[in-house]
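Structure first, commentary second.
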C-alpha cells in the first residue's frame, strides 16, 4: 500500500515540517481550550472554534512566509499524499463517530467523537511528522474515550485536556524538536 503512494521500500523519511505542525498544535490547542471554556450549551463554542480553526490553519499551513521560516526542508511526495489521506480519513471518521450524535444534539458526544476522530487521524500523520504524532494521537484518543465512558464528569475537563495536550505537543514541536528520519520496513 505504501508503495502505491510513492514510498520506495527501505526509503528513509525525513520529518522537516515539525515546526509548522507545532505552530498549528499551539494555535488549535489554545482555540479548543478557549472555545471549551466559553462553550455554553454547545460544549465547544462554534463562534470561537470555527474562526480560530480557519485562521490557525491559514497561519500555519497557508502562509508561505511562515512556512518558509519554519520549514527545515522539503517533505516528500509520499508525505504530501499521506497528509491528504489523513485529512480525508479525519472527515470520514468525524462523520462516522460524531455524526450520529448531531440529530439528537448531543454536543458532548459530537465533540468527543470529533476529538477521537482527530486523535485517530494523527496516527497516519506519523509518516509526515514522526513519532510525536503517535504520542498526541494516543493521548487525544484516550482522553476522548474516557470522556465517552465517564459521562458524569463534565465535558469541560475533557475539552481543556484535549487542548492542553495539543498545546504541549505543539510547544515541543515548535521549539525543541529537530528534523528526524525514519525508515519503514
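The values are calculated or read from the model by the stated rules, or taken from the named source; none is laboratory data. Only a predicted model underlies this, so the values are computations on that prediction, with no experimental measurement involved. Positions of Cβ are generated from backbone atoms using ideal geometry, with glycine treated the same way; all protein chains shown enter the neighbour counts.
Does the range 11-22 contain at least one residue that is touching a residue at least 12 places away in the same chain (Cβ under 8 Å), more than 21 Å from residue 131 (Cβ to Cβ) and part of a helix (DSSP H, G or I)? Before you say what the answer is, go through the steps one by one.
From the range 11-22, those touching a residue at least 12 places away in the same chain (Cβ under 8 Å) are 11-22; that's our starting set.
From what is left, the residues that are more than 21 Å from residue 131 (Cβ to Cβ) are none.
Checking the range 11-22: not a single residue is touching a residue at least 12 places away in the same chain (Cβ under 8 Å), more than 21 Å from residue 131 (Cβ to Cβ) and part of a helix (DSSP H, G or I).
Could you tell me which residue of the range 109-166 is surrounded by the most Cβ atoms within 10 Å (Cβ to Cβ), considering only residues that are outside any helix (DSSP H, G or I) and touching a strand residue (DSSP E or B) at 6+ places or on another chain (Cβ under 8 Å)? Outline the logic, then answer.
Within the range 109-166, the subset outside any helix (DSSP H, G or I) is 125, 130-131, 150-154.
Subsequent filtering for residues that are touching a strand residue (DSSP E or B) at 6+ places or on another chain (Cβ under 8 Å) retains 130-131.
On the way: 130: 23, 131: 11.
Here the answer is 130.
I need the full set of residues from the range 23-76 which are surrounded by fewer than 15 Cβ atoms within 10 Å (Cβ to Cβ), touching a helix residue (DSSP H, G or I) at 6+ places or on another chain (Cβ under 8 Å) and part of a loop (DSSP other than H, G, I, E, B), in order please.
Matches in the range 23-76: 38, 72.
Those residues that are surrounded by fewer than 18 Cβ atoms within 10 Å (Cβ to Cβ) and not in a loop (DSSP other than H, G, I, E, B), I need them from the range 92-108; list them, please.
Taking the range 92-108 first, the residues surrounded by fewer than 18 Cβ atoms within 10 Å (Cβ to Cβ) are 92, 95-96, 99-106.
Selection gives 92, 95, 96, 99, 100, 101.
From the list 122, 115, 61, which one is within 21 Å of residue 136 (Cβ to Cβ), within 15 Å of the chain's Cα centre (by Cα) and modelled with pLDDT under 95? Steps first, please.
Values: 122 fails: modelled with pLDDT under 95; 115 fails: modelled with pLDDT under 95.
From the options 122, 115, 61, the qualifying one is 61.
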